[in-house]
1. Restricting the search to region A:285-316, which residues are within 14 Å of chain B (Cβ to nearest Cβ) and free of Cβ contacts under 8 Å to residues at least 12 places away in the same chain?
2. Give the number of residues within region B:90-109 that are assigned to a helix (DSSP H, G or I) and surrounded by fewer than 24 Cβ atoms within 10 Å (Cβ to Cβ).
3. Give just the number: which of (1) assigned to a strand (DSSP E or B); (2) buried (at least 20 other Cβ atoms within 10 Å of the Cβ) does residue B:56 not satisfy?
4. Sort through B:159, B:195 and tell me the only one that's surrounded by fewer than 20 Cβ atoms within 10 Å (Cβ to Cβ) and part of a helix (DSSP H, G or I).
5. Since residue B:69 meets every condition but one in (1) at pLDDT 95 or above; (2) assigned to a helix (DSSP H, G or I); (3) touching a helix residue (DSSP H, G or I) at 6+ places or on another chain (Cβ under 8 Å), which condition does it not meet?
6. In this structure, is residue B:235 outside any strand (DSSP E or B), away from every other protein chain (no Cβ under 14 Å) and crowded, with 24+ Cβ neighbours inside 10 Å?
7. Could you say whether any residue in region A:185-203 is at positive phi and of a type outside the set (A, V, I, L, M, F, W, C)?
8. Which residues, taken from region A:7-42, are aromatic (Phe, Trp, Tyr) and within 14 Å of chain B (Cβ to nearest Cβ)?
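The values are calculated or read from the model by the stated rules, or taken from the named source; none is laboratory data. What you see is a predicted model; the values in this text were computed from it and never measured. Cβ placement follows ideal geometry from the backbone for every residue including glycine, while neighbour counts extend to all protein chains displayed.
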2 protein chains.
Amino acid sequence: MKKIIPTYDDVLRASERIKPFAKKTPVLTSKSINELCNADIFFKCENFQKVGAFKFRGAVNAIFSLNDEQASKGVATHSSGNHAQALALAATIRGIPATIVMPENSSRVKIDAVIGYGAEVVFCQPTLKARETTLEKVIIQKGSTFIHPYDNYNVIAGAGTSAKELIEEVPNLDYVIAPVGGGGLLSGTSISVKALLPDAKVIAAEPEGADDAFRSLQSGAIVPSLKPNTICDGLLTSLSERTFKIISQNVSEIVTLSDEDTIRAMKLIWERMKIIVEPSSATALGILLGNKIDLKAKRIGIILSGGNVDLQKLPW
Amino acid sequence: MKKIIPTYDDVLRASERIKPFAKKTPVLTSKSINELCNADIFFKCENFQKVGAFKFRGAVNAIFSLNDEQASKGVATHSSGNHAQALALAATIRGIPATIVMPENSSRVKIDAVIGYGAEVVFCQPTLKARETTLEKVIIQKGSTFIHPYDNYNVIAGAGTSAKELIEEVPNLDYVIAPVGGGGLLSGTSISVKALLPDAKVIAAEPEGADDAFRSLQSGAIVPSLKPNTICDGLLTSLSERTFKIISQNVSEIVTLSDEDTIRAMKLIWERMKIIVEPSSATALGILLGNKIDLKAKRIGIILSGGNVDLQKLPW
């Protein structure tokens with residue numbers, strides 16, 4: 001039977017596999033943010049990861065897990081976000097082709113970034129159906145392996161390496177908070193936390209305007225993300241069966257917040273820590289600042305998922 | 001005779017003195033910026049220093065160099081910039097009063113920051129003359145010690161600790177570049193570089209719209225900064241006799257650049273490195289990007305002086 005849920009051993013293997021290529025990102029703290037939240041917060045900075053997001057970890061792990069025959073035919077995905085860039089760069093590093101299906105209305109900056117990392121871009125209509133059929137055609141034509149942005153065994157194991165590094169550096173955390181969109185980062189994070197810190201709790205932060213994961217956990221069945229409306233462009237997607245299962249087992253609570261609280265947290269991180277994070281990353285601090293959950297006097301790890309923002313269009 | 005020029009021994013003493021209070025800031029690199037400049041660049045991140053600027057090093061060193069009697073009467077300065085905040089926080093740490101003379105048209109954000117760090121603010125008309133006479137009154141009334149933003153023995157020695165840390169971490173640099181305004185950072189930097197890396201060259205970056213240091217070195221006498229016009233609000237001031245002397249001895253070249261090149265470098269640092277730097281900090285990379293000087297294939301240290309910017313008013 002094919003295993004669908006990665007274990008911590010898979011995270012360990014991913015960690016070895018990606019070591020030559022991915023950055024060991026720093027863990028930063030801010031005295032003034034600690035004072036504001038009355039807690040000790042440790043920020044794991046995936047905004048400093050290659051391509052500016054944790055996604056690189058999963059993409060490298062997935063691509064370097066392929067055997068030579070699979071690899072020779074390349075990889076493909078549909079994405080207009082960080083996963084597209086991550087897969088493009090990881091494929092270039094292994095020296096294999098990558099095809100990225102992108103909606104034709106994607107921003108020029110994103111298209112150029114993907115091409116710049118060495119991938120081929122195939123455009124499609126901006127609907128989920130068009131994405132899927134276009135991707136299917138690519139896979140049939142080229143025999144490429146589809147690397148899903150989050151519903152993928154090796155992508156999840158790769159994503160878990162960030163929390164592993166965080167806990168190795170700060171071993172006595174009470175809580176770890178990650179944002180949730182499709183659930184890849186949250187799944188990987190929760191696998192590492194449960195293995196390394198069995199007493200610590202995993203909390204997820206989710207925008208109110210895309211609260212499908214929150215409602216899925218409440219109802220016990222996947223609620224799709226139909227018309228998400230949030231500034232957090234990395235958190236628009238729905239859970240898959242796989243990530244739903246992992247999250248149901250490992251995550252204590254999903255806490256939702258308004259975009260207003262997210263933007264406030266994002267600006268605070270920029271101002272106080274002098275680092276650039278994207279809105280999705282700021283949700284975890286946002287639930288603390290907005291008093292959506294009381295973690296006073298606790299030691300909290302936060303995964304800052306990425307730092308790709310359009311500097312011409314800031315939300316303040 | 002009173003020594004006016006600090007030596008590297010003073011930098012070493014400053015380093016010990018500030019150690020309990022100042023951050024050892026990280027040195028970051030960027031593969032893509034290295035490729036763009038065809039050089040190996042090591043960024044010393046004083047934007048991550050307390051109060052968001054290297055100024056904290058000099059302020060702490062100056063304040064903790066006071067004897068108890070001097071300290072009891074407090075410190076004073078006139079500044080609306082990073083030095084004001086640095087002095088305010090350093091005084092609070094030592095538990096002594098600080099009085100900051102600020103022009104009455106200073107921004108609310110800056111005034112609040114200084115008060116937030118625990119200093120008393122005394123307002124004056126927005127002219128240099130008013131600043132000086134107001135400061136004089138404060139000093140006569142309170143007996144406070146004047147800590148000049150850069151024309152101060154201990155402030156310069158403190159500023160030199162940043163380059164010391166940089167070189168200890170990256171010992172084989174060919175060049176070190178720092179911005180120049182009043183010359184405190186450049187002086188301290190040059191003292192450390194000359195002591196630790198006698199063969200390395202110190203280069204300064206200066207905005208064309210405030211090129212008094214460039215013209216001073218050209219003419220061999222201090223040219224005052226009369227009507228500076230640049231986005232680099234940390235680099236508006238003129239050299240002092242002391243900083244002019246140090247810079248004349250130690251600095252190979254002052255390279256000027258347009259604000260356009262500075263803004264381009266600033267945006268590149270934000271986008272590629274995901275860190276926030278202020279315009280003054282970006283000048284050093286700006287002279288490389290703008291091909292104002294050819295340092296191809298060299299190993300270059302850059303002091304990123306600070307990260308205090310108004311996020312509501314970005315220059316792009």
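1. At the first step, the residues of region A:285-316 found to be within 14 Å of chain B (Cβ to nearest Cβ) are A:304-316.
A:311, A:312, A:313, A:314, listed by residue number.
2. Initial filter on region B:90-109 (assigned to a helix (DSSP H, G or I)): B:90-94, B:108-109.
Applying the additional criterion that residues be surrounded by fewer than 24 Cβ atoms within 10 Å (Cβ to Cβ) yields B:92-94, B:108-109.
Summing the residues that are assigned to a helix (DSSP H, G or I) and surrounded by fewer than 24 Cβ atoms within 10 Å (Cβ to Cβ) in region B:90-109 gives 5.
3. Unmet for residue B:56, out of (1) assigned to a strand (DSSP E or B); (2) buried (at least 20 other Cβ atoms within 10 Å of the Cβ): (1).
4. On the way: B:159 fails: surrounded by fewer than 20 Cβ atoms within 10 Å (Cβ to Cβ).
Selected residue: B:195, the only one of B:159, B:195 that is surrounded by fewer than 20 Cβ atoms within 10 Å (Cβ to Cβ) and part of a helix (DSSP H, G or I).
5. Every listed condition holds for residue B:69 apart from (3).
6. Numbers: outside any strand (DSSP E or B): yes; away from every other protein chain (no Cβ under 14 Å): yes; crowded, with 24+ Cβ neighbours inside 10 Å: yes.
Judged against the criteria, residue B:235 is a match.
7. At the first step, the residues of region A:185-203 found to be at positive phi are none.
The answer is no, given that none of the residues of region A:185-203 is at positive phi and of a type outside the set (A, V, I, L, M, F, W, C).
8. In the first step, residues of region A:7-42 are kept if they are aromatic (Phe, Trp, Tyr); the result is A:8, A:21, A:42.
Selection gives A:21 alone.
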